[in-house]
Amino acid sequence: MPVELREYLFAPLEGHTLAFAITARERGIFSGEARLKQLAGELELEVTWSAPEGYALEPGSCLFRARGTAPAIIRAEEMLLGVIGKPSGVATAAANFVRQARGRIKVVCGAWKKVAPEIRSELRQAIATGGAGIRITDRPFIYLDKNYVRLLGGVEPAVSRARAYDPERVIAVQTRGEGRPIAGEAEAAVRAGAGIIMVDTGHLEDLATVVTAAQQGGWREKVKLAFAGGVTPAGLEEVIAAGADIVDVGRAIIDAPLLDLSLDVEGISL
């Protein structure tokens, strides 16, 4: 029976332990520490150092060092980069939005709910590692999206039903101007008891209309106004200028490219 290729190639290294490092090729934020260590254990690697979750990376920064056999190192290159590249890219994108916001608006990303369950927890952690919120508010809340509103017959009955369930929770409701102008829909939701209005149309003019209605109607101080829909770094300033308190960034964070990482053998010892 033919010898397996890697077994043949690495036969001269049998009994040797190889050291390797994972380094960054670009600036970013490291995320995926827990899964990285778990997988390293499954590969029977001896971890000598691992950067903590949220570690700031520069080109050439080391984030992980370990030792193992030659076949284990090759498997590590095939597997380890895959569990940290995407989360680190997402964490970096989230951190860039938070840095750009400079505290003028709360940055959240709820798009982790739309990814495959197999990677959901890692990307949710990555968003948090980057400093963005994973929920629209840190307080206990009930979120009524467009389908809740449709199924329950409009914003007023939807908000009233949610408040009857738990009057202490903040009610957040998604508004799209369906069936009536969006400003009227937002005001109706606030009058019914909503504490957060999500203008989820992607149109800044809708946000501006709701802000104006809130100011003129005397309910601006009673509510937090959120905006979502295709927000990019280039458009963030316009969202802030339009008067939003919260911005929900979707694809610009969750679809961030992999952070460029490299795994390299550093030495061999008997």
Antiparallel versus total DSSP beta bridges in the chain: what percent is that, nearest 5? 50 percent
Distance between modelled label sites at Glu205 and Ala234, nm, 7 Å Cα→Cβ extension: 2.0 nm
Full-extension gain in nm, Arg6 to Glu44, via 0.36 nm per residue minus C-alpha separation: 11.9 nm
With +1 assigned to the C-beta of every Lys and Arg and -1 to the C-beta of every Asp and Glu, and no other charges, what is the dipole magnitude of the stretch 33-84 about the Cα centre in debye, to the nearest 20? 60 debye
Tell me which aspartates and glutamates have Cα within less than 14 Å of Lys222's Cα, excluding those fewer than 8 residues away on the same chain? Glu187, Asp245
Can you find, among Ala128, Thr17, His203, the residue farthest towards the positive end of the dipole of the chain? Put +1 on the C-beta of Lys and Arg, -1 on that of Asp and Glu. His203
Looking at this model, which pairs from Lys37/Lys113; Lys37/Lys106; Lys37/Lys86; Lys86/Lys146 are more than 22 angstrom apart at the alpha-carbon? Lys37/Lys113; Lys37/Lys106; Lys86/Lys146
Would you kindly find the accessible area of Arg124, with a 1.4 Å probe and non-protein molecules such as ligands, DNA and RNA excluded, rounding to the nearest 10 Å²? 80 Å²
By the scheme Lys and Arg +1, Asp and Glu -1, what is the net charge of all other residues having a beta-carbon under 14 Å from that of Ala76? -1
Using the charge dipole of the chain (Lys, Arg: +1 at Cβ; Asp, Glu: -1 at Cβ; taken about the Cα centre), state which of Phe141, Gly41, Pro87 has its Cα farthest towards the positive end. Phe141
If you roll a 1.4 angstrom probe over the protein chains with everything in place, what fraction of the accessible area of the chain belongs to carbon and sulfur, to the nearest %? 52 percent
Sorted on mean Cβ neighbours within 10 Å (highest first), peptides 114-122, 192-200 come out as 192-200, 114-122
Hey, got the dipole for the chain? About the Cα centre, +1 on K and R Cβ, -1 on D and E Cβ, debye to the nearest 20? 1060 debye
Mean accessible area per residue over the stretch 82-151 (1.4 angstrom probe, all protein chains present, square angstrom) is 51 Å²
Given just the C-alpha atoms of the chain, how large is their convex hull per residue in cubic angstrom? 158 Å³
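The values are calculated or read from the model by the stated rules, or taken from the named source; none is laboratory data. Since this is a predicted model, take the numbers as computed values, not measurements. For neighbour counting, all protein chains shown are included, and Cβ atoms are generated from backbone atoms with ideal geometry for every residue, glycine included. All accessible areas refer to the heavy atoms of the entire protein, side chains included, with ligands and DNA or RNA removed. Shrake-Rupley method; radii C 1.70, N 1.55, O 1.52, S 1.80 Å.
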